[in-house]
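Trainee: The structure under discussion is supplied below as structure tokens; questions concerning it will follow.
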Amino acid sequence: MKFGIIGAGTIGSILSKKLVNTGHDVKIADARGIEHLERKEFAGTPVPVEDVITNIEILIISLPSKALPSIRNIIDQVGEEVIIVDTSNYYPFRDDKNEEIENGMVESVWVSNQLGRPTIKAFNNLLAYTLENEGTPEGTIGRIAIAIAGNDVSQKQIIMDVVNQLGFDTVDGGSLSDSWRQQPGTPAFCTELTKEELTKALKKANKEKAPFLRDKVIEMLSNPNLNPLSNKDIVNMNRDIYNS
Ligand SMILES: NC(=O)c1ccc[n+]([C@@H]2O[C@H](COP(=O)([O-])OP(=O)(O)OC[C@H]3O[C@@H](n4cnc5c(N)ncnc54)[C@H](OP(=O)(O)O)[C@@H]3O)[C@@H](O)[C@H]2O)c1
């Protein structure tokens, strides 16, 4: 399929390589100018952001959530038929305090409102290391699963098929309004679960507790006495804290 990616950071770059490796056409852009792509490691064709949205079927946006309102003018020009996938998570320490989200608006509902388009939430509940290194062929025992949320069932199915090609099982996370169940601070978030485990984890999520648990993990990740932490250490910490 034909993909555009906005954001050549950690996740955007990993996705570009995995998509190219599985035979997809990929164009990639930086929202602030093509010069920002210099010295970045990605696969696919680097293009200005105005060009990344043309002649594509799927647009992946992989930016910090506070940057999303700045690309509204670009998103307004994206063809109706293009599926828009958002990988973002909201972190107040990085994204500044967002009053609407702090007051309970589901992160992806806020994103969709900012972009003025329906979005599919995907790739947000795997650590970058897991996304890059832990994919396995379909049918592998213990295969890790990703939650995918969105209101359009057929768009969601297309993204689920792509995720399967990239090495992960999928669980339908419901509509965008349900997607708080895969936000930071929940048992489904970056805990490397199988399809069955992830299905149960999504049901266990506690909306009120999630921001507190998210911030607890961030505090531990920023504690120099606890670092460096391996991917496994982080997954185990997430499992402990997000299930507490
Ligand atoms: N890292 C993970 O493990 C992980 C996992 C799942 C989901 N996510 C989420 O996915 C999103 C991307 O994560 P990431 O780890 O790839 O982040 P990242 O490495 O920090 O990359 C962010 C990208 O956004 C661009 N950017 C930053 N500030 C911007 C602004 N104000 N305007 C326009 N572009 C801006 C950066 O461009 P420059 O390089 O030019 O600054 C870079 O291309 C985030 O919302 C994150 O929470 C991350």
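Trainee: Based on the alpha carbon coordinates of the range 93-207, what radius of gyration and maximum Cα-Cα distance (Dmax) apply, in Å?
Mentor: Values for the range 93-207 (Cα only, Rg and Dmax): 14.0, 43 Å.
Trainee: Something else: Compute the distance in nm between two label points, each set 7 Å from the Cα along the Cα-to-Cβ direction, one at ASN73 and one at ASP96.
Mentor: The two pseudo-label positions are separated by 1.8 nm.
Trainee: May I pose another question? Counting Lys and Arg as +1 and Asp and Glu as -1, what is the net charge of the other residues whose Cβ lies under 10 Å from the Cβ of ILE144? Don't skip to the answer; put the middle values down first.
Mentor: Working: positive: ARG143, LYS195; negative: GLU134, ASP169, GLU192, GLU197.
Around ILE144, the surrounding residues sum to -2.
Trainee: In the chain, what percent of the accessible surface is made up of carbon and sulfur (1.4 Å probe, ligands and nucleic acids excluded)?
Mentor: On the way: 5650 of 11330 Å².
Within the chain, the accessible surface is 50 percent carbon and sulfur.
Trainee: Could you please report the charge total around TRP110, scoring K, R as +1 and D, E as -1 over all other residues with beta-carbon less than 14 angstrom from its beta-carbon?
Mentor: On the way: positive: LYS66, ARG72, LYS97, ARG117, LYS121; negative: ASP86, ASP95, ASP96, GLU99, GLU100, GLU102, GLU107.
Every neighbour counted, the sum reads -2.
Trainee: Quick check: net charge around GLU197, other residues with Cβ under 13 Å of its Cβ, Lys/Arg +1 and Asp/Glu -1?
Mentor: Working: positive: ARG143, LYS195, LYS200, LYS203, LYS204, ARG239; negative: ASP169, GLU192, GLU196.
Summing Lys/Arg as +1 and Asp/Glu as -1 gives +3.
Trainee: Ok, one more. Please work out the FRET efficiency for the pair THR140 and ASN113, using the Cβ-Cβ distance as r and a Förster radius of 35 Å; give the result to the nearest 0.05. Kindly include the intermediate steps, with their values, before the conclusion.
Mentor: Details: r = 38 Å, r/R0 = 1.08.
It comes out at approximately 0.40.
The values are calculated or read from the model by the stated rules, or taken from the named source; none is laboratory data. If you're wondering where the values come from, they're calculated on a predicted model, not measured in any experiment. Because the Cβ atoms are built from the backbone with ideal geometry, glycine has one as well, and the counts that use them run over all protein chains shown. Remember, those area values only see protein heavy atoms, side chains included, never the ligands or the DNA or RNA. Shrake-Rupley method; radii C 1.70, N 1.55, O 1.52, S 1.80 Å.
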